[in-house]
Amino acid sequence: MESRLKNLRHAVLRAVQSARGTKSEPVAPAPVQERHRPVRKPSTTVAVIDIGSNSVRLVVYENKERNLAPVFNEKTLCGLGREVQSTGLLAEDAVEKALAALKRFKALCRVMKVGEVCAIATAACRDASNGPDFIAKAERICGCSIEILSGAREAKLSALGVASGVYKADGIVGDLGGGSLELIDVRGHRLSRGVTLPLGGLALQDASQGSLKKAAKLVSDLLTDLPTLKAGSGRTFYAVGGTWRALARIHIIQSGYPLRVMHGYSIPAADALDFVRRLRRLAASHTLADIEAVADARQPLLTYAALVLEYVIRIAKPKTVMFSTYGVREGLLYSMLPAAERSMDGLICAERMLNGLMSRSARHADELIEWTDRLVRNTKLQETEEDRRLRHAACLLSDIGWRIHPDYRGEQTLNLIMNGNFADIDHQGRTFVALAVYYRYAGLNEANRPPPMVRDLLTPALDERARILGTAFRVAYLVSAARPGVLPATHFRSSGRKLKLVFEHRLVDLVADRVGGRFKQLARLVGRSGSIVLR
């Protein structure tokens, strides 16, 4: 009986296995699939280590592209060049301090996973007899080669930096470091051959043995009748370098200027000349050390920087002095870009990046540009080329405040644009773009007017143009809700003193009294009566 039951169980088991298409042998477990880690994309960040005569600096940029965005910036004031004129050597303690800074910079690059590191050295390292020995040690620490820039190469890179950060630059670039002064003529992207002179703050202090009278004689002998400076008459002098930026910082504070952005800060040459002369008198009365806006290590060099700028203005007779934060480092990376990318408008590149990061629809901004182009044509608003590019920049930034609480969108976007880290725009242009976007959020209600100190940076005509553009934005966003594909279906039609906004029939349900009210306000600002029309 047991034997029969056993045979029956085996028969049933074979039948089930046969129905399932399986064999009676035990099935091996499925192999465990190996887990693959995702392939890490190579880092696109690029760092520049700049070994200057006064400071050693590391700047890390997000990408090597037309719009440079620094993600990290640190400097150590080492004073490598403070004894080169008198001894021909880099000071031993300065070398130790610089090498320690470079070790930290190397560690920072490793921690930040920097994709590419470029390193340069300037006047002190090229002039000192122990410069090559220092550079060899520095290269072992940094793990990369260090280019010792010639004076002509340093001048060219500084000019390229200005050309990349100032829209259609036209004037003389002066880069004042600790060891040297580079001067070069720039017209757009056309550069002359630069000159280099031993007039850096540390070099002057060393060569003159701390005597301002001797320093003035040295400056006068080297700058008087210099052809490069003579070509600057009536143009702009672009001041590059940390000590000249320190002078600008003092001027901004003392004048009560409302914007603390250094790049593009401009002073009429006559005012700048008066300012540097006053600064020298402060130095003579030993009150310069009371200025808290400047690092202690830079304060002794301010007098020499003021002295050099005074002679530059007196000899070159520029119309304006503009301070540029774009110099050798930015020029170095700019020189590495393809020609097509170098020719791009740096402002528009920056605003496109912000538009892509912060707006609800990047494509909508391009449609807004075309929409305002049609508005300008139909209303025959007079625009220069610069007016047009600023209007386009404002269109690209017109929706960056949408995540902010509605009560603070105007104020916060105003601050963001006024203080944004982008170039190829002067302070007046920056203010125009900021106010156009401010009016888009805050409207034209008198109670919501922006601070007078901000409005004072614009002429009344430019402020009115910003009000018109901001009101146009208010119409466009009410119609489109920031969605692409809507604005191209609306058109402007002008007849005499009448301006009409024509909606294609498929958008009929978007028409409302509120849209009509805002459009009538826009029409009044351009001197017309406004109405909505369905096609």
| Enumerated helices (runs of 4 or more DSSP H) restricted to the range 316-365, each holding at least 3 residues that are open to solvent by less than 10 Å² (accessible area, probe 1.4 Å) and of a type outside the set (Asp, Glu) | 328-335, 346-358
| query | Which of the residues belonging to the range 476-521 are over 36 Å from the mean Cα position of the chain (by Cα), open to solvent by 60 Å² or more (accessible area, probe 1.4 Å) and within 20 Å of Asp399 (Cβ to Cβ)? | reply | Leu510, Arg514
| said: Take residues that are over 27 Å from Tyr326 (Cα atoms) and tell me which of the helices (runs of 4 or more DSSP H) falling wholly in the range 203-266 contain 3 or more. | reply: 212-223
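Every residue, every condition in (1) surrounded by 14 or more Cβ atoms within 10 Å (Cβ to Cβ); (2) over 16 Å from Ile400 (Cβ atoms); (3) in contact with a helix residue (DSSP H, G or I) (Cβ under 6 Å, 6 or more places away or on another chain); (4) not small (Gly, Ala, Ser), yes or no:
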| position | (1), (2), (3), (4) |
| --- | --- |
| Phe422 | yes, no, yes, yes |
| Ala436 | yes, no, yes, no |
| Tyr441 | yes, no, yes, yes |
| Asn445 | no, yes, no, yes |
| Asp456 | no, yes, no, yes |
| Thr459 | no, yes, no, yes |
| Ile468 | yes, yes, yes, yes |
| Is it fair to say Ala94 is out of contact with any Gly (no Cβ under 6 Å at 6 or more places or on another chain) and modelled with pLDDT of 95 or more? | no
| said: Going through Val166, Val195 one at a time, which residue ends up being in contact (Cβ under 8 Å) with a residue 40 or more places away in the chain, among the β-branched types (Val, Ile, Thr) and touching a helix residue (DSSP H, G or I) at 6+ places or on another chain (Cβ under 6 Å)? | reply: Val195
| Got a number for residues in the range 367-382 being without any contact (Cβ under 8 Å) to a residue 24 or more places away in the chain and under 16 Å from Gly470 (Cα atoms)? | 2
| task | Given the conditions (1) within 28 Å of the chain's Cα centre (by Cα); (2) open to solvent by 30 Å² or more (accessible area, probe 1.4 Å), report the number of the one that Tyr238 does not fulfil. | result | (2)
| request: Would you point out which residue out of Arg465, Arg403 is over 25 Å from Glu383 (Cβ atoms) and modelled with pLDDT of 95 or more? | output: Arg403
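The values are calculated or read from the model by the stated rules, or taken from the named source; none is laboratory data. Source: prediction; values computed, not measured. Quick reminder, even Gly has a Cβ in these numbers, built from the backbone with ideal geometry, and neighbours come from all protein chains shown. Ligands, DNA and RNA are excluded from the accessible area calculation, which covers all protein heavy atoms including side chains. Shrake-Rupley method; radii C 1.70, N 1.55, O 1.52, S 1.80 Å.
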